[in-house]
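Engineer: Let me begin by handing over the structure; questions about it come next.
The values are calculated or read from the model by the stated rules, or taken from the named source; none is laboratory data. Quick caveat: nothing in here was measured; it's all calculated off a predicted structure. Here the Cβ is made from the backbone with ideal geometry for all residues, glycine too, and neighbour counts use every protein chain on show.
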Ligand code: DGL
C-alpha cells in the first residue's frame, strides 16, 4: 500500500499529520522532519528550494503516492517553483488555507501571520488577491512564536505581551479573519484569540489541507478505506528531541522516529 509523504522543517508539520490521521484514518503516512536544518523561516529562497527538493526526493524513495508540504515556509517559497517537477501530486498549505479564509471573512479584511520567509514571499497575499482582489491583506511575521510553541510557552505574561506587540497592526487594520500561516501557530490559538477578541476567525490550514489530500486521492481512485493506517517518522537529526516535542503537536506519542543520513 502506497503512503502519503509529508515533510516539514522539523516538528511543526505534525499538526498537519494529526489532521490527516483524523480525516484519512486508513492511509499510511511517511513523515520527514528536517530537524538538522530547521528553521527554514529565516533561510534564503535558494536554500529553501534546495532543501525542499531534497526532502521530496527522500520521500519518493519511500514509494509515496503524493506529497504534502506541511511547512508554510517551504509551501510559500519553494512550491511555486518546484511543484510540477515530480511524478506524484505535490500539495502545499497555502491555497487550502486561503480558500477557507476568503470564505470566512465578512468584512473582507484578512490578517496573515507566518515566518519571515513566508511573509516576505507574499504567497498568501498573492493567492488571496487571485481569489478576490477586493480583500485587503495585512501580513506580519511573528518569529518568536516558533520557539514559544516549541518550549511550551503557550500562555502567560511573556507570550501574551509578545503576541500583543506582533498582532497590534492586525488589530489596527480591523481584520475579522487571521490565517495562522505557520505550522506552530495553531498551538498559540488561545493567546491569539485573547488579543484579537473572541469573534476573530482563526484559520488553521491543516484541516483544509487534509481535505485537499482526500480530494486528490479520491479523484485518482487511490484512497484507502480498508484498514487502520500506520505512520512512520524520519528526521535528519536528533530523533529524541523530535519525539519529546511530538505529543504537543501530534496529540499522541511518537516512539519510532528514525534518523536518516542522506540529506
Ligand atoms: N515549519 C515552519 C513553517 O511553517 C516553521 C519553522 C521554521 O521556521 O522552519 O513556516
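Engineer: Is it true that some residue in the range 181-200 is within 16 Å of the ligand (Cβ to nearest atom), part of a strand (DSSP E or B), touching a strand residue (DSSP E or B) at 6+ places or on another chain (Cβ under 8 Å) and over 30 Å from residue 65 (Cα atoms)? Let's see the steps before the verdict.
Structural biologist: The first filter runs over the range 181-200 and keeps only residues within 16 Å of the ligand (Cβ to nearest atom), leaving 181-189, 192.
If we keep only those that are part of a strand (DSSP E or B) too, we end up with 181.
Remaining after also requiring touching a strand residue (DSSP E or B) at 6+ places or on another chain (Cβ under 8 Å): 181.
Imposing the further condition that a residue be over 30 Å from residue 65 (Cα atoms) reduces the set to none.
Scanning the range 181-200, I find no residue that is within 16 Å of the ligand (Cβ to nearest atom), part of a strand (DSSP E or B), touching a strand residue (DSSP E or B) at 6+ places or on another chain (Cβ under 8 Å) and over 30 Å from residue 65 (Cα atoms), so the answer is no.
Engineer: Just checking, which of 88, 81 is away from the ligand (no atom under 12 Å from the Cβ), over 21 Å from residue 248 (Cβ atoms) and touching a strand residue (DSSP E or B) at 6+ places or on another chain (Cβ under 7 Å)?
Structural biologist: Every option except 88 fails the conditions.
Engineer: Would you check if residue 82 is buried (at least 18 other Cβ atoms within 10 Å of the Cβ) and without any contact (Cβ under 8 Å) to a residue 60 or more places away in the chain? Lay out the reasoning, then the answer.
Structural biologist: Details: buried (at least 18 other Cβ atoms within 10 Å of the Cβ): no; without any contact (Cβ under 8 Å) to a residue 60 or more places away in the chain: yes.
No; evaluated as a whole, the condition is false for this residue.
Engineer: Given the options 54, 19, 46, 27, name the one that is within 13 Å of the chain's Cα centre (by Cα) and more than 27 Å from residue 133 (Cβ to Cβ).
Structural biologist: On the way: 54 fails: within 13 Å of the chain's Cα centre (by Cα); 46 fails: within 13 Å of the chain's Cα centre (by Cα); 27 fails: within 13 Å of the chain's Cα centre (by Cα).
Matching residue, one of 54, 19, 46, 27: 19.
Engineer: Answer yes or no as to whether residue 13 is closer than 17 Å to residue 242 by Cα, in contact (Cβ under 8 Å) with a residue 60 or more places away in the chain and within 11 Å of the ligand (Cβ to nearest atom).
Structural biologist: Values: closer than 17 Å to residue 242 by Cα: yes; in contact (Cβ under 8 Å) with a residue 60 or more places away in the chain: yes; within 11 Å of the ligand (Cβ to nearest atom): yes.
Taking the combined requirement at face value, the residue satisfies it.
Engineer: Moving to a separate point now. Filter the range 52-77 down to the residues that are out of contact with any strand residue (DSSP E or B) (no Cβ under 9 Å at 6 or more places or on another chain) and within 10 Å of the ligand (Cβ to nearest atom) and list them by number.
Structural biologist: 77
Engineer: Next question, about the same structure. Are any residues in the range 113-169 within 12 Å of the ligand (Cβ to nearest atom) and either in a loop (DSSP other than H, G, I, E, B) or touching a strand residue (DSSP E or B) at 6+ places or on another chain (Cβ under 7 Å) (or both), and if so, which ones?
Structural biologist: 113, 114, 115, 116, 118, 119, 124, 141, 142, 143, 144
Engineer: With respect to residue 175, determine if the residue is away from the ligand (no atom under 16 Å from the Cβ), assigned to a loop (DSSP other than H, G, I, E, B) and modelled with pLDDT of 95 or more. First the steps, then the outcome.
Structural biologist: Working: away from the ligand (no atom under 16 Å from the Cβ): yes; assigned to a loop (DSSP other than H, G, I, E, B): yes; modelled with pLDDT of 95 or more: yes.
So residue 175 passes the test.
Engineer: Residue by residue through the range 16-48, note down the ones that are in a loop (DSSP other than H, G, I, E, B), closer than 18 Å to residue 64 by Cβ and within 13 Å of the ligand (Cβ to nearest atom).
Structural biologist: Matches in the range 16-48: 34 only.
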